[in-house]
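S.K.: This structure is in structure tokens; I'll ask about it shortly.
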Amino acid sequence: MVPAVSTFDAHGALDRRAFEANLDAHLGFGMDGVLVAGSSGESALLDDADRRTLLTWARERVPSHKWLLAGIGSESTRQTIARAQDAKAVGADAALIVAPHYYLKRMTQPALLAHFRAVADASPLPVMLYNIPVYAHVVLSPEFVYEMAQHENVIGMKDSAGNMPMFTEYLQAQSATFRVLTGSGGTTVAAHVAGAAGAILAVALYAGPMVRAMLDTWRAGDVVSATVMQERVKTLAIDIAGAMGPAGIKAAMSMVGLHGTVPRGPLMPVDTVELATIRERLATAGLLLT
């Protein structure tokens, strides 16, 4: 799946035409679903009306047999539950929840368990945990993940840390009702070899056909070829999405013929040095169009 970018015009308003064109392209590349309001979608910069609007647009483009996930995490348990209700009302299939982190010192395991349990209890949508320490500065422990995996409304997690030893511990929580997905473009094949159930990858926003081919190759049983392909994808993932975040992702999308648009303030577009790096990486991968 892809964590769709939120498309903005020069004034910071949502750009529907660009958003829908991107979704059509991602689905055309063979993606199995879309996450709206994830980290690559500048979730921290979206208000609740933005989220509802983007999810509404997405539901009109994403067919019912493919996943539509909604990023609903916030600093407030109350607001997170309200966002789950909003996402259900506009047709999302499941909710992805990042840990609260503003009051970092108080986000103990008991506090996190209380928050996630309250949301899972109240959410009308199935819930997925989201581990992304680079942004949330919180690492969900394997013990926490195992505990939450027992909840009947928690169906899985996305781990974007790329820490394979920790990832293999998360996999111990997998069951018939709980699946672990990777969000790391640099370790996607290794994660699948270890037992991952799928992936939600920022690198697929600007290298969709390459990522789809890599996973199809792995699923066909050719681990060696998939691992070779992973090295190309890894560079694109680490040097663009990993190093530059949404601004880099959007610049890369524009260079491959999609609609990156500008990031929303306070995020700034990439600078000239970063732009040159993106251009070189895409050119080396044979993806550069502009």
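S.K.: Are there any helices (runs of 4 or more DSSP H) wholly within the range 208-290 with 3 or more residues that are crowded, with 19+ Cβ neighbours inside 10 Å, among the small types (Gly, Ala, Ser) and touching a helix residue (DSSP H, G or I) at 6+ places or on another chain (Cβ under 6 Å), and if so which?
M.R.: Here the list reads 243-255.
S.K.: Do you know which of the residues in the range 161-185 that are among the hydroxyl-bearing types (Ser, Thr, Tyr) and either in contact with a Pro (Cβ under 8 Å, 6 or more places away or on another chain) or assigned to a helix (DSSP H, G or I) (or both) is farthest from residue 118 (Cα to Cα)?
M.R.: My answer is 168.
S.K.: Do we find that residue 39 is outside any helix (DSSP H, G or I), crowded, with 23+ Cβ neighbours inside 10 Å and polar (S, T, N, Q) in this structure?
M.R.: yes
S.K.: Can you pull out every residue in the range 56-71 that is outside any helix (DSSP H, G or I), among the hydrophobic types (A, V, I, L, M, F, W, C) and touching a residue at least 40 places away in the same chain (Cβ under 8 Å)?
M.R.: Matches in the range 56-71: 67, 69, 70.
S.K.: Still on this structure, please answer the following. Would you mind finding the one in 128, 148 that is closer than 19 Å to residue 177 by Cβ, in a helix (DSSP H, G or I) and among the hydrophobic types (A, V, I, L, M, F, W, C)?
M.R.: 148
S.K.: Would you pick out the residues in the range 264-290 that are closer than 19 Å to residue 201 by Cβ and in contact (Cβ under 8 Å) with a residue 60 or more places away in the chain?
M.R.: 282, 285, 287
S.K.: Which one is nearest to residue 18 (Cα to Cα), of the residues in the range 30-61 that are basic (Lys, Arg) and in contact with a helix residue (DSSP H, G or I) (Cβ under 9 Å, 6 or more places away or on another chain)?
M.R.: 61
S.K.: Another question, if that's okay. Go through 114, 120, 136 for me and flag whichever is out of contact with any helix residue (DSSP H, G or I) (no Cβ under 7 Å at 6 or more places or on another chain), surrounded by fewer than 16 Cβ atoms within 10 Å (Cβ to Cβ) and aliphatic (A, V, I, L, M).
M.R.: 114
S.K.: Taking the condition of being surrounded by fewer than 22 Cβ atoms within 10 Å (Cβ to Cβ) and of a type in the set (A, V, I, L, M, F, W, C), how many residues in the range 42-67 meet it?
M.R.: Counting residues in the range 42-67 that are surrounded by fewer than 22 Cβ atoms within 10 Å (Cβ to Cβ) and of a type in the set (A, V, I, L, M, F, W, C) gives 6.
S.K.: Now for a separate question. What residue, of 93, 159, is on the phi < 0 side of the Ramachandran plot and buried (at least 22 other Cβ atoms within 10 Å of the Cβ)?
M.R.: Of 93, 159, the one residue that is on the phi < 0 side of the Ramachandran plot and buried (at least 22 other Cβ atoms within 10 Å of the Cβ) is 159.
Any read-out appearing in this document is the output of simple, stated calculations on the displayed coordinates, not a laboratory observation. Quick caveat, the model's predicted, so the values are computed rather than measured. Counting neighbours? That spans all protein chains shown, and the Cβs are built from the backbone with ideal geometry, glycine included.
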